[in-house]
Amino acid sequence: MIFTSQLEVALMAKQGWFNTERLQGMLEQFRLLFTCVRNLNEVFVKRSLIQPDPYKLESRISEIGTIETSGFTENEDPIVLGKRFSDYEMMLDFICTYFRFSVENITVNRIKTLNELLNAFDWSNLSSNSSKSNTRALASTIQKARVNAPNVTVSLINDSVEKCVKCSKVIAANLSELADFQKEMYKGNLRKDLFEHPDFDKKKAFSSPEAEMTEIKRLYVKTTGKKTFYTDLVQEIIAEDQGNDRLALRKKLLDKLEIKLTEAKKETRTVNPHDLLMSAVFSLGVMGSILNGLYVKLSDNFDLLFAEKKSLFAKFLAALKKALGLKEKERECTVVIVDQQSGSRSTQDVNVNALLAQISKLSHIYSGIAAKGNEYNKINAAKEDDALIFLNRQIQENQKLFTIINALDDHFKSHVEVLERPKVKGLKIDLSSYRNAIIAANKKRGEYASAKEEIEQMQKLGIKG
């Protein structure tokens with residue numbers, strides 16, 4: 001049948017478009033949502049408005065899921081919201097890092113789960129009078145976070161909330177669009193699996209709508225296994241085959257699956273390399289809260305690493321040095337660096353104070369970028385080459401820093417006194433987020449470089465972008 005062939009081609013093309021265009025855009029929206037949620041969570045913890053989840057480091061996620069939405073009282077806000085908002089952040093991190101964004105992977109059931117996760121907090125209707133406990137607690141906590149906060153913090157909160165509203169709406173629209181396409185994929189696959197099956201009696205099936213339904217049901221389990229039988233979608237197939245308005249239904253379906261190539265071309269032409277570059281710079285902002293968290297944990301772990309049972313005389317000397325303004329001995333340690341590709345091992349001396357100062361400085365810079373404050377505006381106003389140099393330097397510096405902190409994580413676990421080791425704070429989850437942030441920034445830098453190269457090639461050919 002001509003229609004069947006046309007439908008198969010249209011579905012394959014639309015599936016490719018979803019995988020390469022729409023779903024990659026949705027991934028970017030999830031990444032931005034994750035960044036904003038992490039920023040808000042960091043503010044809440046810093047201002048002691050919520051209690052961090054004590055079991056966060058022990059959590060392991062292997063599949064997407066939602067978070068608890070049952071009711072709780074206002075007095076429980078700091079503890080319950082702390083746990084749930086942390087779970088929300090970790091699930092978003094998992095989705096951005098490990099979840100595959102493709103039509104094949106985002107099934108109808110997973111679309112439902114993702115929608116439930118999005119609805120766990122109603123970003124568009126944040127109100128302290130909300131009937132939804134999660135939303136009510138989040139709205140109240142945001143209001144408290146703004147009170148007597150520095151302007152840069154208030155700006156960060158407002159910007160993050162605004163972006164969460166927009167991201168959740170775009171993602172919800174994308175999921176709705178994908179859910180609709182999955183229905184058409186189900187119908188298309190059913191046509192292919194059943195109608196081309198040697199046991200399918202086409203003459204009998206197409207003698208009446210009732211006969212087609214009977215024939216489909218007869219072979220359904222045999223051809224599809226235990227997949228859910230959607231009666232309403234099967235009825236749509238039958239209407240497209242035998243309904244009085246079948247020609248109109250078929251045309252409507254093919255029109256719906258058509259990819260608007262002209263619009264895609266317009267969007268491609270309007271890509272601005274400077275915008276891509278600044279998008280890459282802005283992606284550094286997520287590292288602000290990550291590095292701040294690493295700073296706190298590293299500081300505590302270093303204190304455990306260098307802890308000594310001091311004699312009274314040693315304590316007296318330390319107090320005397322402090323009183324006289326004499327400089328304390330620099331804390332240093334030597335870590336083992338393992339090359340992930342070759343497996344070779346080398347050692348590197350780490351100056352603790354210098355390392356912590358570097359982390360603190362970068363955290364401050366990136367937090368300013370995330371809030372689109374002075375740091376971001378200076379880079380945005382700079383020459384494009386200077387902005388690229390800054391971005392390259394940051395990526396390179398963070399790659400080196402990641403290697404050192406990763407080695408320190410192993411160093412603490414083997415060099416802290418045995419009795420003190422249970423107190424050592426693990427860094428693996430933070431390092432995973434840190435690595436993903438570096439990868440994301442590097443990917444965006446690559447997108448900028450590709451766009452820049454394409455424009456230069458067009459100019460050489462005398463083509464204006």
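The values are calculated or read from the model by the stated rules, or taken from the named source; none is laboratory data. Computed from a predicted model, the values in this text were never measured in an experiment. Quick reminder, even Gly has a Cβ in these numbers, built from the backbone with ideal geometry, and neighbours come from all protein chains shown. Note: areas computed on protein heavy atoms with side chains; ligands, DNA, RNA excluded. Shrake-Rupley method; radii C 1.70, N 1.55, O 1.52, S 1.80 Å.
Before moving on, here are some points about what is shown:
- Taking all C-alpha pairs of the range 70-212, those more than 24 Å from each other amount to 51 percent.
- As an equivalent ellipsoid, the chain spans semi-axes of 52, 27, 23 angstrom, where each value is the square root of five times an eigenvalue of the C-alpha gyration tensor, largest first.
- Taken over the alpha carbons of the range 381-465 as equal point scatterers, the Debye sum produces base-10 log I(q)/I(0) values at 0.14, 0.16 Å⁻¹ of -0.67, -0.77.
- Under 19 Å from the GLU21 label point (7 Å along Cα→beta-carbon), backbone N, the range 93-127: 101-104
- Approximate shape of the range 418-458 as ellipsoid semi-axes (Cα gyration tensor, √5λ), whole Å, largest first: 43, 6, 4
- Rg [Å, one decimal], Dmax [Å, integer] - the range 1-143, C-alpha atoms: 18.5, 66
- Each peptide in 85-95, 34-44, 352-362, 143-153 receives the mean, over its residues, of other Cβ atoms within 10 Å, and ordering these scores from highest gives 34-44, 85-95, 352-362, 143-153.
- Probe 1.4 Å, accessible area per residue of the range 102-261, Å²: 53 Å²
- Under the simplified labelling scheme, the LYS428-ASP303 pair shows an inter-label distance of 2.5 nm, with each label point 7 Å from Cα along Cα→Cβ.
- Surface share of carbon and sulfur [accessible, 1.4 angstrom probe, percent] for the range 102-189: 47 percent
- For the chain, the mean residue ellipticity at 222 nm estimated from helices alone is -22500 deg cm²/dmol, where every DSSP H run of n ≥ 4 contributes -39500 (n - 2.57) and the total is divided by all residues, rounded to the nearest 500.
- Against the rule of thumb 2.2 N^0.38 Å, how large the Cα Rg of the range 16-97 comes out: 1.26
- Of the trypsin sites (Lys or Arg not before Pro) in the range 48-136, the ones in a loop by DSSP (not H, G, I, E or B) with at most 12 other beta carbons within 10 Å are ARG60, ARG100.
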